[in-house]
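Derivation of every value follows stated rules applied to the coordinates shown; laboratory data play no part. Worth saying up front: this structure is predicted, and the values here are computed from it rather than measured. So basically every Cβ, Gly included, is an ideal-geometry build from the backbone, and we count neighbours across all protein chains shown.
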């Protein structure tokens, strides 16, 4: 009796081995496109990223949308919990991988993180561009997950619970992205922003912009959650490297809390 051949099922990737080495690929295809023979040097990183997630090349507008949101969230800034976690790792001497893993933990959560984007995208799927549905659902979000992994949301997903008015970068990002597509979720969001903010009792946040962008790109909530995690890592990475170079003596959150006996002083 012959042994059943084990096969990894994937629509994303196909490899043809080298004639003299079955462990090395001669041809790598992504959704039918020869990556190194046809795509390399002919498409951008953003176009390739879209191809990986959607298994088809983006239109010009889709590429612009993805590139725009990628720039907007690439570095969430020093106030962001994920960036600060990476900075803590860097200044403490952690490895590069540890710094990125530290950033992913708070960056995955429900306060400005990837899970909030996921929940906001679920609202988009439920309410679409119906203002009445949004006003009824925005503060009455119910979990769909049968297993309690995440705590209850404490604010409407896609909005800033501590904000007084919509932050300038959020307004600038929405203005730019909504001008790319005249009929999508982003355009509608720009038109009803004030009504939604009144219903939510807090201003729109960057996670809300990201959720609407991913809806316009045709991504699922699961894909949007994953992509949001990925696109925010550059800022965490560079800030971790920078603080590692400065050292803990110039890091205000550590220096005052550490007292060394027989301190040898600076190197």
Next on the checklist: List residues of region 24-46, by number, whose backbone nitrogen lies under 15 Å from a label position 7 Å along Cα→C-beta of residue 14.
Outcome noted: 26-38
Next on the checklist: Need one word for the chain: rounded, prolate or oblate. Basis is the Cα gyration tensor (sqrt eigenvalues a ≥ b ≥ c); a/c below 1.5 gives rounded, then a/b vs b/c decides.
Outcome noted: oblate
Item to check | Anisotropy class of region 1-107 from Cα gyration tensor, a/c 1.5 cut | outcome: oblate
Item to check | Peptides 30-42, 225-237, 90-102 ordered by average Cβ neighbours within 10 Å, highest first | outcome: 225-237, 90-102, 30-42
Next on the checklist: Give the separation of the Cα centroids, region 67-87 to region 26-53, in Å.
Outcome noted: 27
Checklist entry - Can you give me the relative contact order of the chain as a percent, contacts being Cα pairs under 8 Å and 6 or more apart? => result 24
Checklist entry - Is the shape of region 99-201 rounded, prolate or oblate, going by the alpha carbon gyration tensor and its root eigenvalues a ≥ b ≥ c, with a/c under 1.5 for rounded and a/b larger than b/c for prolate? => result oblate
Item to check | Estimated 222 nm signal from helices in the chain, with DSSP H stretches of n ≥ 4 weighted -39500 (n - 2.57), rounded to 500 | outcome: -15500 deg cm²/dmol
Checklist outcome for this item: Stokes-Einstein, Kirkwood over Cα pairs, region 8-55, 10 °C, 1.306 mPa s; D in µm²/s equals 139
Checklist entry - Which value in nm describes the separation of the simple spin-label points at residue 97 and residue 164, placed 7 Å from the Cα toward the beta carbon? => result 4.6
Next on the checklist: Contact order normalised by length for region 88-223, with contacts defined as Cα pairs under 8 Å and 6 or more residues apart; what percent is it?
Outcome noted: 32
